[in-house]
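As structure tokens, the structure follows; a few thoughts come after it.
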Amino acid sequence: MITRKRRAARAWVLLAALATGMLPVGAAADEPSPKQAPKVELVLDVSGSMRARDMDGQSRMSAAKQAFNEVLDAVPEEVQLGIRTLGANYRGDNRQQGCKDTEQLYPVGPLDRTEAKTAVATLAPTGWTPIGPALLKAADDLEGGDATRRIVLITDGEDTCAPLDPCEVAREIAAKGIHLVIDTLGLVPDAKTRSQLSCIAEATGGTYTSVQHTDELSGRVKQLVDRSADPVAVPVATEGGAECAKAPRLEAGLYTDRAKFAEHRWYRVDVLPGQELRASVSVAADRAVNPDYGVLLRAVTVHGREIVRGSEAGTGRTDVISSGLRYPKAPRDDVDKDAEPAAETVCLQVSNSFSAPPTVKTTPGLPVELSVDLVDSPDEPSDVAVFGLGRGWWLLGALILTGFAAGLLWGWVSRWRVAVWRTN
């Protein structure tokens, strides 16, 4: 913390420098340039196929409008957001004309929620699916500055304007080095749509998500918009070992790997006394897989004793499955506090139970994202220390005593009323 005396001293030095011409008038000394607002453009498919009524009993277009209204209400103030459509205007059969049908519905900038919602409300499923041209225009919409930039593409089908391959368009955007990420969401996608959208996302370091329900759509788009406001760390590629002894040693951070179907992969993390290990893993089904699968994340000692585990199962309704765990290592209680604390090596095992139809290639393996965090454990006991109630035990005791007293009082009143009734 800077004291008042130090602030005053710095102010005098700055004034003296200005007076002697050492600094140009108006220059800011040691002031970082203001952080630019992140930019996001939502690109929505408004083609004729969006009329299909297979999302919670309503059309895909209605589900998208509902999700957009929820997303627009939740956009962080610091985010500059725009909306672009594809296939919203041309109803004819002229391919050349239909493949030009993309327009910016709401410009990228400070958000007027009412105006943006009004613009979305006017949309009706219409024409073609020019994904490639829409991505090119969206990249132009986000040009300028050094802010983080993200395109969120929501569509229910593959591009209908080949030979302009949207996957190649995404690769061209990535090759420009402008750090623009494209995330894709497929509404009730078929295999071809899944493959194309996965390719677009992978080319720019984005994510692909399959969506079957309205709440899934709004939740995922909110998450992606929030992520642009608070960018996550850049993942580091790693390769898990076949056993703990041969596993890579990881520090706090975000890591990517690829795991074979139904494979166990191992990683090692050193945890100091008084630290808490927090780990989570996500495995993505980037191709067609059989239903009923799961992911397991275990923390074990180097001798094989399980410490804690987290697991999650899926049934084919989502393309990403995640699980996590927490392991607080108790502070040491030895006398010599000045000695270097010894770290415990914790082995993290990541397992999956995915399987695929015979016609699906199983190589390369499935994308794995592993997050590792090490934080200082709180000095006070955990909130789940007393019968799982933590500091709420006194409230439970008070409720029990209150109930006991109320019961006694009610019993006394009842006896008194009976006695009065008998005397009368």
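Below are the figures for this structure:
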item	result
Whichever residue in segment 106-128 is among the charged types (D, E, K, R) and part of a helix (DSSP H, G or I) and, among such residues, is surrounded by the fewest Cβ atoms within 10 Å (Cβ to Cβ)	GLU115
Meets criteria (out of contact with any Gly (no Cβ under 8 Å at 6 or more places or on another chain), of a type in the set (Ser, Thr, Tyr) and assigned by TED's automatic domain parsing to the domain that holds MET61) for THR148	yes
When residues of segment 284-311 are limited to those that are within 27 Å of SER210 (Cβ to Cβ) and acidic (Asp, Glu), the one nearest to the chain's Cα centre (by Cα)	ASP286
Within segment 298-319, tally of residues that are assigned to a loop (DSSP other than H, G, I, E, B) and either exposed (fewer than 15 other Cβ atoms within 10 Å of the Cβ) or small (Gly, Ala, Ser) (or both)	8
Identity of the residue in segment 27-54, under 21 Å from ALA138 (Cα atoms) and assigned to a loop (DSSP other than H, G, I, E, B), that ends up modelled with the lowest pLDDT	GLN36
1 or more residues in contact (Cβ under 8 Å) with a residue 12 or more places away in the chain and among the small types (Gly, Ala, Ser): qualifying strands (runs of 3 or more DSSP E) within segment 243-297	253-259, 275-284
Output for segment 267-318, where each listed residue is of a type in the set (Lys, Arg) and modelled with pLDDT of 90 or more	ARG268, ARG278, ARG298, ARG305, ARG309
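The values are calculated or read from the model by the stated rules, or taken from the named source; none is laboratory data. Predicted model, so just to flag it, every value in this text is computed and none were measured. Don't worry about glycine lacking a Cβ; one is built from the backbone with ideal geometry, like all the others, and counts go over all protein chains shown.
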